[in-house]
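Down below is the structure, laid out as C-alpha cells.
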Amino acid sequence: MAAAATALALGGGLLLAAWRWLRGSARAAAGPGASMRGKTVIITGANSGLGRAAAAELLRMRARVIMGCRDRARAERAASEIRAEVGERAEGGGELVVRELDLASLRSVRAFCHRVLQEEPRLDVLINNAGIFQCPYMKTEDGFEMQFGVNHLGHFLLTNLLLGLLKNSAPSRIVVVSSKLYKYGEINFEDLNSEISYNKSFCYSRSKLANILFARELARRLEGTGVTVNSLHPGIVRTNLGRYVNIPLLAKPLFNLVSWAFFKTPLEGAKTSVYLASSPDVEGVSGKYFGDCKEEELLPKAMDDLVARKLWDISEVMVGLLK
C-alpha cells in the first residue's frame, strides 16, 4: 500500500513537472517585446512579485524604470538584484531608480509625485501594480480601510497628480493591475470604509472592481489626449501577495506542489502588464480589460458608467482633490 502511494505521488509529481515545463516553454516562445529606449516608466510595488518582474523586463527593453516602493531598503536590494540579472543587456538606455512611495499614506503619495514632477521631464508609462490582499481589518494613515485605501485610493491620487506629466509626454499609457476576483465585489457607497461590516475577501474584490471602474472612467476622461488607460488581471501567480492567507501546516506541502505546478511565475504573470506598457499592438487602445495579453469581456457591473462616475466623484473628495 505504501509503495503504491509512493508510486502515485512520484507519478503525479512527474506529470506536474512535465506540465510546468511545457507551459513555461510555450510562454517563453513569446519572445522579447518592443524597445523602450528613451521612455520613463513608473511601477508601484516594484520590489517583489509582479512589479519586480515587470521592472526587470522593462529594464531589459532599455526603459528608465522608477520603482515606487514602501520599503526603501528592500527596494534597493531588489534593484541591485535586478541590475545583476539584466547585466550588460540594459546598457545603452536602461536605468533603474528607487523612490519611496507608501500608498497607505496620501502624504507619501503627494511627496512622491512632487519629486517626480520636479525631476522627471517626461513620463511615458504608469503601472499601478502595488496591492494588499485579504488582510485583517486595518486602516491607512488617513483612516481608510487598508485594501480600499491602498489598492484604489492611493493609486487614484497618484494617477491624478501625474496626469499633467503623462499628457505632456503623450502618447503615453496607464496600466492598472486588477484581478479576476473583481467578480465577487460590489461597490457599497454606504460603507466604502467597511466600518459597518468587514469581510477581507469581499473587500479585496471590491478594491479590484474599483480598479476597473477607475480605469474605464479615466479612459473616458482622457479621450483625445493621447493617454491610454487599460486594466488587466495577471492570473493566479506565486507572489507574497497572499502573506495574510493562513494555510494549515499539514496542507502546505500539497499547496506548494500545486502552486509550483499550476500557478504562474511572477514573470509569466507580469507579461500582460509589460505588453500593455510596451506593445505596438495596443497603441491607441483604451478603456479595455486584458488577460494573457488578450482583451477579455467584463461583467456588466464592471462596465456601469454611472457607478464609475459616482465612485470617481467620491474618491476625489476622499483623497482631498476636491473639498
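A compact table of results
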item	result
Whether segment 92-243 is rounded, prolate or oblate, judged on the alpha carbon gyration tensor where a/c under 1.5 counts as rounded	prolate
Interchain or long-range residues, amide H under 5 Å from L96's placed H	V65
K271 - accessible surface, heavy atoms, 1.4 Å probe, Å² rounded to 10	60
Computed label-point distance, nm, for sites I236 and E76 using a 7 Å Cα→Cβ extension	3.8
Square roots of five times the Cα gyration tensor eigenvalues for segment 113-202, Å	29, 15, 10
Charge context of I196, other residues only, Cβ under 13 angstrom, K/R +1, D/E -1	-4
Simple label model, 7 Å out from Cα along Cβ direction - S201 to C293, nm	3.3
For segment 180-195, Karplus couplings with θ = phi - 60° (6.51, -1.76, 1.60), whole Hz, Gly/Pro x	4, 5, 4, 4, 9, x, 9, 8, 9, 5, 7, 8, 4, 9, 6, 8
Portion, in percent, of the accessible area of segment 49-203 that falls on carbon or sulfur, probe 1.4 Å	46
Prolate/oblate/rounded call for segment 74-125, Cα gyration tensor, a/c under 1.5 rounded	oblate
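The values are calculated or read from the model by the stated rules, or taken from the named source; none is laboratory data. Here the structure is a predicted model, which means the values were calculated and not measured. Don't worry about glycine lacking a Cβ; one is built from the backbone with ideal geometry, like all the others, and counts go over all protein chains shown. We work out accessible area using only protein heavy atoms, side chains counted, and drop any ligands, DNA or RNA first. Shrake-Rupley method; radii C 1.70, N 1.55, O 1.52, S 1.80 Å.
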